[in-house]
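Data first, discussion second: the structure below is written as structure tokens.
The values are calculated or read from the model by the stated rules, or taken from the named source; none is laboratory data. This one's a predicted model, so the numbers in the text were calculated from it and none came from an experiment. Methodologically, a virtual Cβ is constructed for each residue, glycine included, from the backbone with ideal geometry; neighbour enumeration extends over all protein chains shown.
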Amino acid sequence: MKVVILCGGLGTRLREETEFRPKSMVEIGGRPILWHIMKIYMHYGFNEFVLCLGYKGEMIKEFFNNYEILNNDFTIELGHRKHIEIHANSNAHEKSWKVTLVETGDKAMKGARLKKIEKYIDGDEFMMTYGDGVASVDVRALLAFHHNHGKLATLTGVNPVSRFGELKVKGDQVQVFREKPDDSTGLVNGGFLVFNRRIFNYLTEDDNCDLEIGPMETICQQGQLMVYKHTGAWFCMDTIRDVEHLNHLWASGKAGWKVW
């Protein structure tokens with residue numbers, strides 16, 4: 001089964017990093033967050049990826065084109081650059097990855113990006129996620145949940161820890177104050193979706209075709225959208241503060257998304 005990863009956004013809230021590179025190439029522990037996402041899926045046996053490229057997509061192409069050389073020892077015969085012998089390191093587990101990189105446009109919205117890779121999806125279903133979020137989602141359990149309900153789409157619902165104090169007020173008076181509650185009852189779309197290929201019927205290649213606004217709302221109204229509730233680790237990288245936090249977790253051995 002193919003795993004589609006959206007890697008085309010501008011990442012405007014992360015300008016400190018995305019001025020120089022696409023958001024999915026911002027590093028955690030010396031590796032792009034995209035690599036971490038792919039490692040999660042690989043852990044559960046999924047190693048065929050379709051990357052929807054946009055802003056600075058050439059950097060992602062270069063990363064994978066040079067991946068084996070950058071991550072292994074190699075011998076090169078100078079003057080004969082085609083004669084390169086790769087000495088695979090024992091920790092280079094990504095050699096089984098099959099990655100299709102697709103230019104989907106600098107300005108295309110998510111629905112258009114997804115529609116533009118339809119020809120690379122050769123099965124009745126596929127998985128999709130965003131290129132800026134990591135989690136300890138049990139992908140096999142997610143897929144089993146999707147198969148059990150038989151609907152068109154499944155998204156992973158998460159309960160993110162609030163960064164801010166929560167206030168409950170009446171008029172101008174604060175009745176309840178809780179500092180950064182971690183038990184909020186509201187679920188949000190945490191990515192890690194599973195789609196039947198019928199999703200493409202709801203999309204167009206028009207750059208203004210979104211995914212969440214319009215198609216997903218319609219699917220929901222038709223009773224075809226289900227939620228897989230994930231209570232474990234989930235992190236989204238939106239700001240420089242998020243980048244620093246994720247790097248701190250990785251460095252301290254507390255990266256909850258590291259299931260491999």
note = In the range 208-260, residues that are under 18 Å from the mean Cα position of the chain (by Cα), hydrophobic (A, V, I, L, M, F, W, C) and closer than 22 Å to Ser24 by Cβ total 15
query = Does Asn201 fit the bill of being under 22 Å from Leu53 (Cβ atoms), at pLDDT 95 or above and surrounded by fewer than 15 Cβ atoms within 10 Å (Cβ to Cβ)?
reply = no
query = Quick one: is Thr156 among the polar types (S, T, N, Q), surrounded by 16 or more Cβ atoms within 10 Å (Cβ to Cβ) and within 26 Å of Ile28 (Cα to Cα)?
reply = yes
inquiry  = If Leu167 meets every condition in (1) modelled with pLDDT of 95 or more; (2) loosely packed, with under 11 Cβ neighbours inside 10 Å apart from one, which number is that one?
reply    = (1)
query = Restricted to the range 211-238, and to residues that are under 24 Å from Glu17 (Cα atoms) and touching an Asp or Glu at 6+ places or on another chain (Cβ under 9 Å), which residue is modelled with the lowest pLDDT?
reply = Asp238
request  = Scan the range 87-136 for residues that are assigned to a helix (DSSP H, G or I) and touching a helix residue (DSSP H, G or I) at 6+ places or on another chain (Cβ under 9 Å) and report the count.
outcome  = 9
query = If a residue has to be surrounded by 12 or more Cβ atoms within 10 Å (Cβ to Cβ), touching a residue at least 40 places away in the same chain (Cβ under 8 Å), in contact with a helix residue (DSSP H, G or I) (Cβ under 9 Å, 6 or more places away or on another chain) and not in a strand (DSSP E or B) to count, how many in the range 43-85 make the cut?
reply = 7
query = Are any residues in the range 237-260 part of a loop (DSSP other than H, G, I, E, B) and closer than 19 Å to Lys39 by Cβ, and if so, which ones?
reply = Met237, Ser252, Gly253, Lys254, Ala255, Gly256, Trp257, Lys258, Val259, Trp260
ask   = Can you pull out the residues in the range 142-151 that are surrounded by fewer than 17 Cβ atoms within 10 Å (Cβ to Cβ), out of contact with any helix residue (DSSP H, G or I) (no Cβ under 9 Å at 6 or more places or on another chain) and touching a residue at least 60 places away in the same chain (Cβ under 8 Å)?
value = His149
